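The values are calculated or read from the model by the stated rules, or taken from the named source; none is laboratory data. Quantities reported herein were computed from a predicted structural model and do not represent experimental measurements. Please note: Cβ atoms are built from the backbone with ideal geometry, for glycine as well, and neighbour counts cover all protein chains shown.
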């Protein structure tokens, strides 16, 4: 019995233009659900169904092991096409077993976690329910337009703490066997069970106003990296601590522009007991002087491949890669970023770094403009 997760990502969007690739809290919104699916032990394969070459390219560049692209037909990608039409188009072509579990997950629900995905798959696999959907507890009094209360007796209005309320579908997860989806031609049907998610997950990204609300909720509920979890902070130089510019004096001296904000960020990390390092392909006295000024613990210059240096530091400090934070912006940072537990990049990083590193934190600042300070503040924020 395999578990296949299906993620629809059509190019057209009436509410928000290019919604699936729009940045949400540091990364394209589609990656929030894809990253959780990658972590979900219950899921074997993830199908991203799209009509967009751009979406396909960005998703594949991330290098997620479970993800496959399914290019849908023009008919299944039209404005009038339903999600069910795309699901059924895929299922009629795919060589799946009747007892395989088919899960539909929506990009518009960025709060979905691997634990919710695993729970939904397990409930269908046990056979207690024919289909499962995600919902939130809903404690609001609802009425019909004809003046009749739907879920309470207004003559004996209950206190909120005594009101059991109802369940509100949040659009995040749907699961059923392949046989049942084909039978019903629907995402759910018969003996329906629920995965109850936190109340804030009721927000779906359908309109611009939803985006504003969800961004604030994500900042509040997204787990922060506590200072105790980070043992080593490492950074690249050009494009991260600098703005990538090459400056020369009239005498031909090379100059670099650094940000005092970044200096303070490294100081705050050091004061929190975090070891600090600069690892750069450059080999200049300017960088040596800056490292001395910042009082970093380690300086490595002339290093093209940063990962072996981080491996060496792991052995020397007796720490794991998961306890390292690294911020880089270009191709020679790719292996290092995929090695560490807390990868980050500035806003001006190249596409392969932004889109090719799972769970990467993208700062709103560009290199040389406080990106390192922003990342440091994020790492030092406590739950």
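Taken together, 41, 20 contain a single residue that is touching a helix residue (DSSP H, G or I) at 6+ places or on another chain (Cβ under 7 Å) and closer than 24 Å to residue 208 by Cα, which is 20. Regarding segment 154-163, can at least one residue be identified that is surrounded by 13 or more Cβ atoms within 10 Å (Cβ to Cβ), touching a strand residue (DSSP E or B) at 6+ places or on another chain (Cβ under 9 Å) and in the same structural domain as residue 113 (by TED's automatic domain parsing)? Within segment 154-163, none of the residues are surrounded by 13 or more Cβ atoms within 10 Å (Cβ to Cβ), touching a strand residue (DSSP E or B) at 6+ places or on another chain (Cβ under 9 Å) and in the same structural domain as residue 113 (by TED's automatic domain parsing).
All of (1) surrounded by 14 or more Cβ atoms within 10 Å (Cβ to Cβ); (2) without any contact (Cβ under 8 Å) to a residue 60 or more places away in the chain hold for residue 231 with one exception: (2). Each residue in segment 342-368 was checked for being surrounded by fewer than 23 Cβ atoms within 10 Å (Cβ to Cβ) and on the phi > 0 side of the Ramachandran plot, and 1 of them qualify.
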